[in-house]
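Notes for the one structure printed next.
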Amino acid sequence: MTSPSRLCAHFWLVAWYVPLSKHIFRADDLAQYPIGYAIYNIYFHPLAKYPGPKLWTATRFRYVLSVWSGWLHTDVQDLHRCYGEIVRIAPDEISFAKPDAYNDIYSNAPGRPAFPKSKLWHGAAPGRPHSILNALDPRVHARFRKAMDPGFTEKALRQQEPVVQKHVALLIARLNELATSDTDGAIVNIVQWFAFVAFDLVGDLGFGEPFGCLQTGELHPWISMIFDSLRAATYRASLRYYPGLSWLFGLTIPKSVMQQQMTHWKNAVDKINRRLDQEQERPDLISMIKRDDEGVKGITLPELHATASVLIVAGSETTVSVLSGTTNYLVKNPTKLTALTQEVRTTFSRETDMSLSALKELPYLAAVVQEGLRLCNPT
């Protein structure tokens, strides 16, 4: 459906072009149309009163270019520094950088539901089942949440603790090996090792088997494929801004990227099916997600397949981002690192005493975690 503002733009352009062309369509009109459309967006669009750079407000092209570069988040941040708390970042889009807007847009207050997610960005890919990420209908999303919530409660976390402890113990063992392998001291890429433990952990909790990263000291090939799959999904979603030309722009997406997206989907399906075929009960996420083949009370098997890749990314790369960023800030602030180290080492005499419930009682550690989440927001 054509939006009222776009309809106004078309009427305005028709009113401008008809007298000029005297009802005769000329080739140069094709060149003038984008210019007229850009002028309308900059000066006459309903959002024209909001500040923003003309290159961004004239067309969606500059926004899409920023998305494809991978730097949209910093580009928008720079625009806020230049234009203030409210910035127009596209002809029909505004970015807010103020707490009131966050509450108005995202909070589900009684009688005032949150804004719906964009179908353009969050809609399911054609032919694919819904996942928790693209269940845009509030009723469907509520069904997903109700089915998945048991896997993320305090009780579930306590049951999953042995799996967590196993992989953390292996991480510490591997780091100790590296630290003692060189008498002059070892240089360790800690970001890489955080990735190893995060992916192994989410693989074990989500699929009943780790990726083997800690054992091999290398990322599983599927993991790089996951990020290529995300890149392909970003390309595909951004092309929806130009439905008439998406086929043309789509030719610029490397075929290898699209092929890896398909392989990633197949791997997720195979992993879930293997986990479901296991007869033993284990305290992982899959065992706690309520399933219903008819989708009445739980989520269907196809929906579980679609949600599998979401679980991998949500439970791994986000954790790596926060841990890496927090460690970086601690290293750059030695007094804070010393205070944290002292709190942990004076509280526990043995590593085995560091249970999840015991760690929750450390106030400085809790403060470091909260500050890390603030400064290194994984989304």
For the stretch 185-338, average projected area of the Cα convex hull in nm²: 13.8 nm²
The answer for the net charge of residues other than HIS167 whose Cβ lies under 9 angstrom from its Cβ, with Lys and Arg +1 and Asp and Glu -1, is -1
At 0.36 nm per residue, and after removing the present C-alpha to C-alpha distance, how many nm does the segment from THR379 to THR335 gain when stretched out fully? 13.0 nm
Compute the long axis of helix 363-375 from its Cα atoms, compare it with the longest principal axis of the Cα atoms of the chain, and write down the angle in degrees, 0 to 90, nearest 10. 30 degrees
GLN215 versus SER256, label points 7 Å from Cα toward the beta carbon: distance in nm? 2.8 nm
Please give the charge dipole size of the chain, origin at the Cα centre, charges +1 on K and R Cβ atoms and -1 on D and E Cβ atoms. Round to the nearest 20 debye. 1400 debye
Rh (Kirkwood, all Cα-Cα pairs) for the chain, Å, reads 24.6 Å
Loop sites only, by DSSP: take the trypsin sites (Lys or Arg not before Pro) in the chain that have at most 15 other C-beta atoms within 10 Å and name the longest stretch containing none of them. 118-239
Cα shape, the stretch 148-269, gyration tensor, a/c 1.5 rule: oblate
Within the stretch 129-143, which residues have the backbone N less than 14 Å from the label spot 7 Å out from ASP292 along Cα→beta-carbon, could you tell me? 139-143
So how far apart, in nm, are the two label points at ARG112 and LYS266 if each is 7 Å from Cα heading toward Cβ? 5.0 nm
Using a probe of 1.4 angstrom, how much of the accessible area of the chain is carbon and sulfur, in percent? 61 percent
Taking 0.36 nm per residue of separation and subtracting the Cα-Cα distance, what length does fully extending ASN328 through THR347 add? 4.5 nm
With Cβ to Cβ distances under 15 Å as the rule, what net charge do the other residues near ALA142 carry (K, R +1; D, E -1)? +3
At LEU178 and LYS98, where each label point lies 7 Å from the Cα along Cα→Cβ, what is the point-to-point distance in nanometres? 4.6 nm
Mind listing which GluC sites (Glu not before Pro) in the stretch 300-379 are in a DSSP loop and have 12 or fewer other Cβ atoms within 10 Å? GLU361
Take the Cα gyration tensor of the stretch 174-244, multiply each eigenvalue by 5, square-root it, and list the three semi-axes largest first, rounded to whole angstrom. 35, 16, 8
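The values are calculated or read from the model by the stated rules, or taken from the named source; none is laboratory data. What you are looking at is a predicted structure, and each value in this text was computed from that prediction instead of being measured. Cβ coordinates were reconstructed from backbone atoms using ideal geometry, including for glycine residues, and neighbour counts include every protein chain displayed. Surface areas here come from the heavy atoms of the whole protein model, side chains and all, with no ligands, DNA or RNA. Shrake-Rupley method; radii C 1.70, N 1.55, O 1.52, S 1.80 Å.
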